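Here the structure is laid out as structure tokens; the discussion comes afterwards.
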């Protein structure tokens with residue numbers, strides 16, 4: 001299992017992004033924004049470490065690693081304030097703290113569908129992890145065919161100034177779901193593609209999402225049978 005941790009954005013990167021969107025004068029307290037980013041980054045690291053420990057435990061006890069790999073990411077300042085603007089909120093640090101819960105995120109890619117719920121249950125049972133939001137797009141896929149389990153959890157981050165409860169978004173999906181989502185994302189954001197091709201392949205992807213889910217269920221059944229002693 002591999003955890004890919006992205007580098008923390010520095011002050012210069014954030015300043016450049018704010019200038020790019022003419023937001024530098026709207027965020028006078030840049031230091032507080034940096035502190036918010038740093039705490040969210042630490043929160044993602046806390047959750048990442050917890051997930052690594054859980055995966056190691058299952059490998060030892062059950063000879064199975066539920067997690068195939070993980071990726072951490074931080075939302076860019078441009079994306080952060082763009083989200084506030086789209087939702088009609090004031091562009092301020094206070095709005096960031098009040099309305100944005102996905103500054104830091106982790107994508108957890110599992111081997112099987114069962115593993116998604118195994119990881120969710122084990123993580124949410126930990127005494128210092130609080131589940132704030134849950135959306136199950138596996139049981140209830142989006143119209144596009146997208147499947148994934150989305151969680152927003154709160155985890156304490158301990159610093160010299162005190163303890164801060166930090167939100168972290170977690171997306172749990174299988175290898176197959178991740179492959180499908182990557183292709184769907186490319187299709188959605190490939191603005192120079194032929195519109196007819198996009199419409200055609202969007203229809204194909206919706207169909208393939210159901211077929212892929214059926215295959216993953218069958219593969220999981222084989223795995224269960226092999227595990228049954």
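Just so it is clear, none of the values below were taken in a lab; they were calculated from the coordinates. Please read these numbers as outputs of a predicted model, since none were measured by experiment. Positions of Cβ are generated from backbone atoms using ideal geometry, with glycine treated the same way; all protein chains shown enter the neighbour counts.
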What nm distance separates the two modelled labels at residue 16 and residue 62, each placed 7 Å from Cα along Cα→Cβ?
4.4
Region 52-157 - Rg over Rh from alpha carbon coordinates, Kirkwood radius:
1.02
How far is it, in nm, from the label point at residue 69 to the one at residue 117 when both lie 7 Å from their Cα along the line to the Cβ?
2.7
Segment residue 53-residue 217, extension gain: residue separation times 0.36 nm, minus the distance between their alpha carbons:
56.4 nm
Mind checking which of 199, 184, 16 has the largest fluctuation in a GNM of the chain, springs on alpha carbons under 10 Å?
199
Only Cα pairs under 8 Å and at least 6 apart count here; give the relative contact order of the chain as a rounded whole percent.
20
Please give the contour-minus-distance gain from residue 99 to residue 206: 0.36 nm per residue of separation, less the Cα-Cα distance, rounded to one decimal in nm.
35.4 nm
For the chain, with a Gaussian network of springs between Cα atoms less than 10 Å apart, report the residue from 204, 68, 150 with the top mean-square fluctuation.
204
